[in-house]
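First the structure, in the form of structure tokens, and then the observations on it.
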Amino acid sequence: MDLIPRVRCLVWKELLELKADPRLFGILIVAPMLQLLALGYAATTDIENVPVVVVDADRSTASRGLISRFSASPSFAIVDVVSSAREVDSYLERGRAWLALSIPSGYGDAIASNRPQTLQLIADGSDANSTNVALGYATNLLGAYSQERGVLDPRVQVWFNPRLESRHFMIPGVLALLLLAITTILAAMGIVRERELGTLEQLNVTPLRRWELIVGKLLPYALVGMVDVCLVIGIAVLWFEVPLRGSVGLLFAMTAVYLLSTLGLGLFVSTISSTQQQAMMTAAFFFMTPMVFLSGFIFPIENMPAFIQPITYLIPLRYFLVILRSIFLKGVGLETVWPQAAALAAWGAAILTLAIARSTKRAA
Amino acid sequence: MNAIVVKDLTRRFGDFAAVDRLSFEVAKGEIFGFLGSNGAGKSTTIRMLCGLLKPTSGSATVDGVDVSRDPEAVKQRIGYMSQRFSLYERLTVDQNISFFGGIYGLDRTRLDARRRFVLDMAGLAGRERLRAADLAGGWRQRLALGCAILHEPPVVFLDEPTGGVDPVSRREFWRLIDHLSASGVTVLVTTHYLDEAEHCNRIAIIHAGRLAAIGTTAELKQVFADRTIVEIRTSNAVEAMRLIERAPDVEKTSVFGTSVHAVLKHGERDVDGVKARLEHAGVPVASIEPVPPSLEDVFLDVVEEAG
């Protein structure tokens, strides 16, 4: 077994090089934390204090009860209560209110006699994202209210993320994204840099074997990825209080499987790039951006056009997102996520095989 | 057994033969120079001899190992250094040595001994903690050489090892090559500097992938045995060249610094005729004397002949 020492030697060298480059070190350790903090706070789709204008045509105890429900919720802030629907326009046009709740006259009587009653919600659709979220909140609030009063029984219930906190949903996704960005780009640039420097050629005339070179080059970045995972999990659980309901061991095992794909992709990118800039651009724009958009990280796959949906099956991020969210929020084990794990492993094996075949050919 | 035996070695890239039926042998301990213009096939040949590139046809053995059949075994027996002095710039001198020592599989005792040898040889003792990126050209070059011979290979390939290095460092570098050769190491070196070729025991000139000439410098200079080279010192070299270029007894001319070299077809008896021709045309001739051929004369002649 005189083969392992050479791999160890390469890993040692690679880590020394990383340590010797403070800029790169910063990218590896500081950038993930900053990104997580930024995305954890900014990329949240939660909204507070949505300005609401209320048209109270009823002016009854029941209508005031409903309004107080809205004002008591942290999600809403009542900007004004008016008596005529015509007054609503100016509030919405000037953006002073995003929502208008219209309580018709006779509301109090209808509630008292248990008759179904329709309420009108008018929303400013110019910022569709925020409005959707605000409408969702309002519908939930009304649903809960009517359930209490026994008027309607909508039975709206949300599982796993009962308060529908998007942060709980986003942060595990951020972990997947960071790993993809860091390990893919670093691995690709690390290999191309050696080609630019001529050290790759120098290594090729040594007895170092192909597999030793590949393992020795990729393993250090896998280690870096694992350190980042620890950092991100730490911040997610301790700072953002994201529940980690599943097994930490399984989380790390799945991360290792995922790293096969990201590092394999990095190696592949290195075989089609001749400069570090090219490697970076190829990785970022050709592979990572479409992957993020099509993975379900931002846009639900179910909402995509039918002809695009099959493409999402080709994206490893898609599987890892499901695995991560399942482990974090649902606390399920391998018995549930094995199809995704298998798909991820297959993807990793395929890209690694392709990349190794290409890199061998290039050296010949 | 010779250290390097090349027979009909050929490498094609598509229709283009970068190396074309090349044959030569290098004895153990010899310093063998490889001369040729850019694109003549020098680097392609070295890459094949190092096991980096598969020959299209023909054969080559290095230290008795066939390069096409067992390229990995070749790599154990050779040291290779390119013009890029490929070192890890972010690592220190010491770390570079440790790294390449580890890749060559040296154990701790041997690595320590070789580390001392390389530091001493490269004049880097006391600079172990400097980053390779911060080393001046000559030191980088010697460190790169040191890292390439940590495992004491019997054969060393140097691909334009003195490019971009100052003259003092170049001289120092050749002193190291002489030492290596004296200790029995075979050195195959390519260079652009013809004055450096004088350090080689034997020289091969390759042109368009083919062997154009081979031998010691004295043997190579025999191509001028039947001809005379005269050096003409004149204040008007351009006019002098124009005048004698097409003279019947002059084979060819070339500019050497401020003087003109003319190759005479029939030896020294043409000297007076050339002198008269120049003076007749009003070009002052300070001196016109036969000179021994330089390696540059030989190189230009051989390359021209090879077409």
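The values are calculated or read from the model by the stated rules, or taken from the named source; none is laboratory data. Computed from a predicted structure; not experimentally measured. As a convention, Cβ positions derive from the backbone with ideal geometry for all residues, glycine included, and neighbour counts pool all protein chains shown. The area values use the complete protein model at the heavy-atom level, side chains included, leaving out ligands, DNA and RNA. Shrake-Rupley method; radii C 1.70, N 1.55, O 1.52, S 1.80 Å.
Selection of segment B:178-217 for residues being farther than 22 Å from residue B:63 by Cβ and in a helix (DSSP H, G or I) yields B:194, B:195, B:196, B:197, B:217.
Checking each residue in segment A:71-88 for being in a helix (DSSP H, G or I) and either of a type in the set (Lys, Arg) or at pLDDT 85 or above (or both) picks out A:71, A:72, A:86. The single condition among (1) within 23 Å of residue A:16 (Cβ to Cβ); (2) within 12 Å of chain A (Cβ to nearest Cβ); (3) buried (at least 16 other Cβ atoms within 10 Å of the Cβ); (4) of a type in the set (Gly, Ala, Ser) that residue B:133 does not meet is (3). A residue that is free of Cβ contacts under 8 Å to residues at least 40 places away in the same chain and open to solvent by less than 10 Å² (accessible area, probe 1.4 Å) occurs nowhere in segment B:220-228.
A count restricted to segment B:197-219 and to residues that are within 30 Å of residue B:151 (Cβ to Cβ) and open to solvent by 70 Å² or more (accessible area, probe 1.4 Å) stands at 3.
I'm trying to understand the selection: among the residues of segment A:210-232, which are within 14 Å of another protein chain (Cβ to nearest Cβ) and either within 19 Å of residue B:86 (Cβ to Cβ) or of a type in the set (Phe, Trp, Tyr) (or both)? Steps first, answer last, please.
We begin by selecting, within segment A:210-232, every residue within 14 Å of another protein chain (Cβ to nearest Cβ); these are A:210-213, A:215-217, A:220.
Hits for segment A:210-232 are A:210, A:211, A:212, A:213, A:216, A:217.
Filter segment A:63-72 down to residues that are open to solvent by 20 Å² or more (accessible area, probe 1.4 Å), touching a helix residue (DSSP H, G or I) at 6+ places or on another chain (Cβ under 9 Å) and not charged (D, E, K, R), then give me how many there are. So the count comes out to 1. Against the conditions (1) over 16 Å from residue A:261 (Cα atoms); (2) in contact (Cβ under 8 Å) with a residue 24 or more places away in the chain; (3) open to solvent by less than 60 Å² (accessible area, probe 1.4 Å), residue A:308 satisfies every one except (2).
With the condition kept exactly as written, say whether any residue in segment A:260-273 is modelled with pLDDT of 85 or more, of a type outside the set (A, V, I, L, M, F, W, C) and open to solvent by 50 Å² or more (accessible area, probe 1.4 Å). Taking every residue of segment A:260-273 in turn, none turns out to be modelled with pLDDT of 85 or more, of a type outside the set (A, V, I, L, M, F, W, C) and open to solvent by 50 Å² or more (accessible area, probe 1.4 Å). Kindly check whether there is at least one residue in segment B:61-74 that is without any contact (Cβ under 8 Å) to a residue 60 or more places away in the chain, surrounded by 20 or more Cβ atoms within 10 Å (Cβ to Cβ) and at the interface with another protein chain (Cβ under 8 Å from one of its Cβ atoms). Checked segment B:61-74: no residue is without any contact (Cβ under 8 Å) to a residue 60 or more places away in the chain, surrounded by 20 or more Cβ atoms within 10 Å (Cβ to Cβ) and at the interface with another protein chain (Cβ under 8 Å from one of its Cβ atoms). Residue B:251 meets each of the listed conditions (1) open to solvent by less than 40 Å² (accessible area, probe 1.4 Å); (2) closer than 18 Å to residue B:306 by Cα; (3) not assigned by TED's automatic domain parsing to the domain that holds residue B:44 apart from (1).
Could you run through segment A:83-97 and say how many residues are open to solvent by less than 50 Å² (accessible area, probe 1.4 Å) and within 23 Å of residue A:146 (Cα to Cα)? Number satisfying all stated conditions: 0. Of all residues in segment B:79-111, those satisfying the criterion of being within 7 Å of another protein chain (Cβ to nearest Cβ) and not in a loop (DSSP other than H, G, I, E, B) are B:80, B:95, B:99, B:102, B:103.
Looking at segment B:155-162, is at least one residue open to solvent by 30 Å² or more (accessible area, probe 1.4 Å), modelled with pLDDT under 95, touching a helix residue (DSSP H, G or I) at 6+ places or on another chain (Cβ under 8 Å) and in a loop (DSSP other than H, G, I, E, B)? Within segment B:155-162, none of the residues are open to solvent by 30 Å² or more (accessible area, probe 1.4 Å), modelled with pLDDT under 95, touching a helix residue (DSSP H, G or I) at 6+ places or on another chain (Cβ under 8 Å) and in a loop (DSSP other than H, G, I, E, B).
Figure legend. Inter-residue proximity from segment B:150-162: first residues without any contact (Cβ under 8 Å) to a residue 24 or more places away in the chain and farther than 12 Å from residue B:180 by Cβ, second residues open to solvent by less than 10 Å² (accessible area, probe 1.4 Å) and charged (D, E, K, R), beta-carbon distance below 8 Å, spacing 6+ or different chains. No pairs are indicated.
Answer with yes or no whether residue B:23 is part of a loop (DSSP other than H, G, I, E, B), polar (S, T, N, Q) and either at pLDDT 95 or above or on the phi < 0 side of the Ramachandran plot (or both).
Details: part of a loop (DSSP other than H, G, I, E, B): no; polar (S, T, N, Q): yes; either at pLDDT 95 or above or on the phi < 0 side of the Ramachandran plot (or both): yes.
Considered against the rule, which asks whether it is part of a loop (DSSP other than H, G, I, E, B), polar (S, T, N, Q) and either at pLDDT 95 or above or on the phi < 0 side of the Ramachandran plot (or both), residue B:23 comes out as no.
The criterion of at least 2 residues that are at pLDDT 80 or above, open to solvent by 10 Å² or more (accessible area, probe 1.4 Å) and not assigned by TED's automatic domain parsing to the domain that holds residue A:352 is met, among helices (runs of 4 or more DSSP H) falling completely within segment A:106-221, by A:107-112, A:128-149. In segment B:181-196, which residue that is of a type outside the set (Ser, Thr, Tyr) and surrounded by fewer than 20 Cβ atoms within 10 Å (Cβ to Cβ) is modelled with the lowest pLDDT? Selected residue: B:192. Considering A:358, A:318, A:325, the condition of being of a type in the set (Lys, Arg) and in contact with a Pro (Cβ under 9 Å, 6 or more places away or on another chain) is satisfied by A:325 alone.
If you go through segment B:91-122 and keep only what is closer than 20 Å to residue B:176 by Cα and either modelled with pLDDT under 90 or open to solvent by 60 Å² or more (accessible area, probe 1.4 Å) (or both), you end up with B:116, B:117, B:120.
Exactly one residue out of A:37, A:16 is touching a residue at least 60 places away in the same chain (Cβ under 8 Å) and more than 19 Å from residue A:146 (Cβ to Cβ), and it is A:37. Pairing residues of segment B:12-40 that are touching a residue at least 24 places away in the same chain (Cβ under 8 Å) with residues that are surrounded by fewer than 23 Cβ atoms within 10 Å (Cβ to Cβ) and of a type in the set (Asp, Glu), at Cβ distances under 6 Å and at least 6 apart in sequence or on separate chains, gives B:21/B:8; B:23/B:8. Scanning segment A:1-58 for residues that are more than 14 Å from chain B (Cβ to nearest Cβ), modelled with pLDDT of 80 or more, more than 20 Å from residue A:184 (Cα to Cα) and open to solvent by 70 Å² or more (accessible area, probe 1.4 Å) returns a single hit, A:49.
If you check residue A:108 against the conditions, is it closer than 21 Å to residue A:64 by Cα and touching an Asp or Glu at 6+ places or on another chain (Cβ under 9 Å)? Yes: the conditions hold for residue A:108.
Looking across segment A:244-259, just one residue is surrounded by fewer than 15 Cβ atoms within 10 Å (Cβ to Cβ) and assigned to a loop (DSSP other than H, G, I, E, B), and that is A:245. The residues of segment A:311-352 that are open to solvent by 50 Å² or more (accessible area, probe 1.4 Å), over 13 Å from residue A:262 (Cα atoms) and part of a helix (DSSP H, G or I), listed by number, are A:311, A:322, A:330, A:334, A:335, A:336, A:338, A:339, A:342.
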